[in-house]
Amino acid sequence: MSDTAHDVTAPGAPRLQEVSDGVFAYLQPDGTWWINNTGFLVGGRGVTSVDACSTERRTRAYLETIRSVTPRPVRTLVNTHHHGDHTFGNYLFEGATIVGHEATRECALGWGRPFDAPFWTEVDWGDVELEPPFLTYTEGVTLWVDDLRCEVRAAGIPAHTTNDSFVWIPERRVLFCGDLLFNGGTPFLMQGSVAGAITVLEEVVAPLGAETIVPGHGPVAGPELIGQVLGYLRFVQDTAAAARAAGLTPLEAARETDLGEYAGLTDPERLVGNLYRALAELDGAEPGARIDPVPALTDMVAFNGGRPLTCRA
Ligand SMILES: [Zn+2]
């Protein structure tokens, strides 16, 4: 594999954005498969990080960026959910307490080590060692960065995954929402719940009154992002209902669907996985009930012209 393919700047150099005093978003273009956002808060005695990155190289670059801001150590690392783009790099936060929902630990262990083929293009993951959260909660926990209160709260029901959490900083009206929100990318609900995500965004996330939202992927946004993602989720439900009425499979329905205002979102093949989920929910599946990922991912590859999904991590 060429060096270019290993280069964390290949889809665009990661960017640091101070969203509030001492509160930073670390934004990784282009936010597509396995390329996530993280963030960190600088306190007088140490740093608190929200999420790690996917590959060894990306997490090392992130840690270097933290060191460019402060020499203080990362003492606490919070994982917003189990997906590897947010957790594979955990093991590089030497000495940090890794905090997450108890199901985040279970699901990270369940997924195991990184892999790409046959569903994604080749990735240089590095020497990733599994290091899931080892301080876990069920509903939430409050973290303090000096005297700044940071509320780590579980979404409570399946949404993007079965184990989503967010970090809410009420005094600053800043929200690190993990993958409950994507900005510019297609939301992905295959391992969570479309209906649950709508409920969480409407009843848990929107009422917080966040002014600044750091999404799991894509640029920092304001609260209008919540409505945009809700629109896509309802579009998925409507598409699933039409597919059911017409007797179409998720892949057939996705191929026939005009993406309309969502045509510009990256990773459009996620519609197929989202329809697997939405159709299961129409058939009465409980939110977050297990869906075999192999047929869904196989159909996403088929939607993508039979090519593995593009991963530039
Ligand atoms: Zn995710």
* Structure fact -> Over the range 40-60, the set of residues surrounded by fewer than 19 Cβ atoms within 10 Å (Cβ to Cβ) and within 25 Å of residue 111 (Cα to Cα) is 57, 60
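For every residue, the table says whether it meets (1) more than 14 Å from the ligand (Cβ to nearest atom); (2) basic (Lys, Arg); (3) over 15 Å from the mean Cα position of the chain (by Cα).
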| site | (1), (2), (3) |
| --- | --- |
| 40 | yes, no, yes |
| 48 | yes, no, yes |
| 60 | yes, yes, yes |
| 63 | yes, no, yes |
| 72 | yes, yes, yes |
| 78 | yes, no, no |
| 92 | yes, no, yes |
| 95 | yes, no, yes |
| 99 | yes, no, yes |
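Residues are listed down the side, and each one gets a yes or a no for (1) part of a helix (DSSP H, G or I); (2) out of contact with any Leu (no Cβ under 6 Å at 6 or more places or on another chain); (3) surrounded by fewer than 14 Cβ atoms within 10 Å (Cβ to Cβ):
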{"position": "67", "(1), (2), (3)": "yes, yes, yes"}
{"position": "75", "(1), (2), (3)": "no, yes, no"}
{"position": "106", "(1), (2), (3)": "yes, yes, no"}
{"position": "131", "(1), (2), (3)": "no, yes, no"}
* **Flag if residue 252 is acidic (Asp, Glu), buried (at least 19 other Cβ atoms within 10 Å of the Cβ), out of contact with any His (no Cβ under 9 Å at 6 or more places or on another chain) and over 30 Å from residue 18 (Cα atoms)** => no
* To do: Report the residue count in the range 171-211 for those that are without any contact (Cβ under 8 Å) to a residue 24 or more places away in the chain and out of contact with any helix residue (DSSP H, G or I) (no Cβ under 8 Å at 6 or more places or on another chain).
  => 3
* Asked: Which numbered condition trips up residue 12, out of (1) within 16 Å of the ligand (Cβ to nearest atom); (2) on the phi > 0 side of the Ramachandran plot?
  -> (1)
* Would you tally the residues in the range 221-234 being surrounded by fewer than 18 Cβ atoms within 10 Å (Cβ to Cβ) and within 14 Å of residue 175 (Cβ to Cβ)? => 3
* **Those residues of the range 40-52 which are free of Cβ contacts under 8 Å to residues at least 60 places away in the same chain and either touching a Gly at 6+ places or on another chain (Cβ under 6 Å) or under 23 Å from residue 9 (Cα atoms) (or both), in sequence order** => 40, 49, 52
* To do: Just give me the residues in the range 136-178 being acidic (Asp, Glu) and assigned to a strand (DSSP E or B), in sequence order.
  => 151
* Could you tell me whether residue 273 is assigned to a helix (DSSP H, G or I), surrounded by 15 or more Cβ atoms within 10 Å (Cβ to Cβ) and not aliphatic (A, V, I, L, M)? => yes
* Which residue pairs have Cβ atoms closer than 7 Å, lie 6 or more positions apart in sequence or on different chains, and pair a first residue in the range 284-313 that is aromatic (Phe, Trp, Tyr) with a second residue that is part of a loop (DSSP other than H, G, I, E, B)? -> 303/269
* Which condition number does residue 95 fail, the rest of (1) part of a loop (DSSP other than H, G, I, E, B); (2) in contact (Cβ under 8 Å) with a residue 40 or more places away in the chain being met? -> (2)
* Lone unmet requirement of (1) within 16 Å of the ligand (Cβ to nearest atom); (2) surrounded by fewer than 22 Cβ atoms within 10 Å (Cβ to Cβ) for residue 162 -> (2)
* To do: Please indicate, with yes or no, whether at least one residue in the range 32-39 is assigned to a strand (DSSP E or B), surrounded by fewer than 19 Cβ atoms within 10 Å (Cβ to Cβ) and touching a residue at least 40 places away in the same chain (Cβ under 8 Å).
  => no
* Is there a residue being farther than 19 Å from residue 42 by Cβ and of a type in the set (Lys, Arg) anywhere in the range 90-110? -> yes
* Asked: Does residue 173 satisfy the condition of being under 22 Å from residue 219 (Cβ atoms), more than 14 Å from the ligand (Cβ to nearest atom) and at pLDDT 95 or above?
  -> yes
* Residue list for the range 179-229, restricted to those being part of a helix (DSSP H, G or I), out of contact with any strand residue (DSSP E or B) (no Cβ under 8 Å at 6 or more places or on another chain) and within 16 Å of the ligand (Cβ to nearest atom) -> 194, 196, 197, 200, 201
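The values are calculated or read from the model by the stated rules, or taken from the named source; none is laboratory data. The shown structure was predicted, so the numbers you read here are calculated from the model rather than taken from an experiment. No Cβ is skipped: glycine too gets one built from the backbone with ideal geometry, and neighbour counts run over all protein chains shown.
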